[in-house]
Amino acid sequence: MKDSIIILCGGGPAPGMNTVVFSVAKTFLANGYRVIGLHGGYSGLFSKNPRIEDIDFFKADAYFNRGGSYLQMSRFKPTDADFEENFNLALFKDNNIKLLVTVGGDDTASTANRIAKFLEAKKYAIANIHVPKTIDNDLPLPDNTPTFGFNSAKNEGAHLARTVYEDARTSGNWLLISAMGRSAGHLALGIGEATHCPMTIIPEMFNKTAISLDKIVKLALSTIIKRKILGIPSGTVREYVTASALFCSS
C-alpha cells in the first residue's frame, strides 16, 4: 500500500486556501504519495464516518487557483474526552497515513501537535506539516514572515479600500473602513499603507491607554480637520474591529 498524506483545513476561510492545499497535493503526488483530502476539519478525525476523498493531479490542477476552500472547513476543537472516545485511529491505519498536513491558525497548529503526541502514545507515529493561515498575522514566524492568509486578505482588502477611497473622493465624503484583527492591527495597517488611507487606527496605538469609542472618534475627527485645513474635503479612515469586516459610510 502506498504511503499517504491527509490534508485538512481548520478555522475560518481566507483567500488562498485552495492554492496552498493543492500546491501541497501536487508536490506529494509528484513524489509518489497518495493524497487524501479531509472535509470538516478536525471534526472528520473524530467521526466514525469521515468524509474523505482522493486528490489526484487533475483535481489539484483544476482547483488550485480558485477562490474559497474546496475542503470544507470547521472550527471544531477536540476535548480530552474526544481523544479517548472518538478519535478515528482506524482512518490512519487503514489508509497508511504517514503525514498530517493542517492549514489554519494557532488553534489548528496546537491541535495538530496534540494529535501527533496522541498517536505516538498509541504506537502510531506520524509527521505533521502546519501551514499558518491566520489573516491576523499574529504568529511569530521566522524572519517575521507573514502568513499567506494575511497577504491574500491584505490584497483583497486593499482592492476594496481603493474603491471606497475613490467613492469618498468623488462624493466629497468621509468613509469609514473597518477590518478584523482581534487584538492585532497588522491587517488594518497593511491595507491602510497599501491604499494611503489618511488615518489608520490599530489596537497597538492604545498600549498605554484604554481603547474607547470616544478616543477612536476623536482620532478620526482630527484627521478630517487636518485634511480640511489642507483643502482636501474627503478621505477614508481605516480601523480594526473584532471578529468581522464592515464597510460603511459616515
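Values for this structure:
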| item | result |
| --- | --- |
| Average projected area [Cα convex hull, the chain], square nanometres | 16.5 nm² |
| Estimated [θ] at 222 nm from DSSP helical runs (n ≥ 4, -39500 (n - 2.57)) normalised by residues in the chain, nearest 500 | -12500 deg cm²/dmol |
| Around Gly37: net Lys/Arg minus Asp/Glu count, Cβ-Cβ under 15 Å | +1 |
| Point-charge dipole on Cβ atoms (K/R +1, D/E -1) for segment 110-217, about Cα centre, debye to 20 | 520 debye |
| Of the DSSP H helices in the chain, those whose Cα atoms cover at least 27 Å axially and whose Kyte score averages -1.0 or more | 148-171 |
| Cβ crowding within 10 Å averaged over residues, with 27-35, 80-88 ranked highest first | 27-35, 80-88 |
| Per-residue Cβ neighbour rank within 10 angstrom, fewest leading, Phe57, Phe22, Phe46 | Phe57, Phe46, Phe22 |
| Relative contact order of the chain, pairs being alpha-carbon contacts under 8 Å that are 6 or more residues apart, as % | 18 percent |
| Other-chain or far-sequence residues with amide H under 5 Å of Ile201's (modelled H) | Arg238, Glu239, Tyr240 |
| Ordering of 166-175, 149-158, 94-103 by burial proxy (mean other Cβ atoms within 10 Å per residue, highest first) | 149-158, 94-103, 166-175 |
| HN-Hα J in Hz across segment 124-132 - Karplus 6.51, -1.76, 1.60, θ = phi - 60°, x for Gly and Pro | 10, 7, 10, 9, 9, 10, 10, 9, x |
| Packing rank of 109-119, 218-228, where each peptide gets the mean count of other beta carbons within 10 Å, highest leading | 109-119, 218-228 |
| Volume of the Cα convex hull of segment 1-43, divided per residue and given in Å³ | 59 Å³ |
| Interatomic Cα distance distribution for segment 150-249, bins of 5 angstrom, percent | 2, 14, 25, 26, 18, 11, 4, 0 |
| Net charge contributed by nearby residues that have their C-beta within less than 11 Å of Val21 (K/R +1, D/E -1) | +4 |
| Rg/Rh ratio calculated on Cα atoms of segment 4-133 (Kirkwood radius) | 0.94 |
| Student exercise, segment 4-133 dipole from Lys, Arg, Asp, Glu Cβ charges, in Debye to nearest 20 | 140 debye |
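FYI, it's all coordinate maths here, none of it is from the lab. Since the structure is predicted, the reported quantities are computational estimates derived from the model, not experimental observations. Ideal geometry is used to build each Cβ from the backbone, glycine not excepted, and the neighbour counts take in all protein chains shown.
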